[in-house]
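Data block below; observations after.
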Amino acid sequence: MILRDFQIYTRPFGDHERQYAINVAAFPIYEAVRLDLKRRRPTAPFKKIVITLVDKTLARGPVTNALGICEAPVLVDVEALFAALPAVHELVAAAREGLTEVARATGFQNEGILSALDLCLEHDPPCLVLLERLSRITRAKTHCDVYFLARAGETRVEVRFTRLGAELGRTVVKRSTTPLFLEDELPVRRSRLRDNFFELLASDYTLLASVAIPESS
C-alpha cells in the first residue's frame, strides 16, 4: 500500500496546555515529511506512521501495526521538551528514534523520510517545501513557485517569483497562527498563468488565489 501520512503526537500526560504546545511545535516537522510522502508515494506495509511521544514516567508500550496505521511510542522528558520549544532538534531526534523502532518491528525503512527530517534542521522555518507540481514559467522566463512554510506558531503558503536567479517578489496567499493543512484550508491542485497573473485552482478549477506577476526592474 502507499504510505501517505506521518504524524508526531504527544500522548496525554495531564497538562493539556503543554501537550498542545508540543504538538503545535511538532507540526512543522511531521508536515514536512507528510508533504514529501505525498510527492514520492512510497510503498509500505501501512498507510500512516505515528510517532507517539510518551513521558518518561509512563509506560512506553510496543510498536503496533493495525488498520493501516503503524504507531511507534518514544520515551521523552516532557518537561525538558516543553522548556526547549520549539525544540526542532529534539523532535527530529525523537522521530528518527521512532523510525528506528518501526524498522526493528516491521522491517520497513525509507531513507527519504530521514532526509526530509534532516532538512528540517537546515531550514528556518523548519518546514520549507516547494510544491513543485504547481510551478510555472512565463514566456518572459519568470519562475512562479509555491512554497509551504511552517514553524511553531505560524504556517503560510506563499508564491515566489524569480528570473535568472534573481528574486522579483513574494506574496503570501494563506497564513495561520495554528497548524494549517492544505487539503482543508487551501485545497490547491492546479495552477495556471492568465494574462499577468499566476492563479491557484482547486481540482474543479475553482479559483483559490490570484497573484499579480511582478515585472523585473
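Could you run through the range 25-57 and say how many residues are surrounded by fewer than 17 Cβ atoms within 10 Å (Cβ to Cβ) and among the β-branched types (Val, Ile, Thr)?
2
Considering (1) among the β-branched types (Val, Ile, Thr); (2) touching a helix residue (DSSP H, G or I) at 6+ places or on another chain (Cβ under 8 Å); (3) within 14 Å of residue 181 (Cα to Cα), say which one residue 51 fails and leave the rest.
(3)
Could you give every pair whose Cβ atoms fall below 7 Å, whose first residue belongs to the range 88-106 and is over 15 Å from residue 49 (Cβ atoms), and whose second residue is not hydrophobic (A, V, I, L, M, F, W, C), counting only separations of at least 6 or pairs across chains?
If the second residue must be not hydrophobic (A, V, I, L, M, F, W, C), the pairs left are 88/126.
When only residues in the range 151-203 that are at pLDDT 95 or above, among the charged types (D, E, K, R) and under 30 Å from residue 85 (Cβ atoms) count, which is surrounded by the most Cβ atoms within 10 Å (Cβ to Cβ)?
151
The values are calculated or read from the model by the stated rules, or taken from the named source; none is laboratory data. In this text, all values refer to a predicted model and were calculated from it rather than measured experimentally. Positions of Cβ are backbone-derived with ideal geometry, glycine not excepted, and every protein chain shown enters the neighbour counts.
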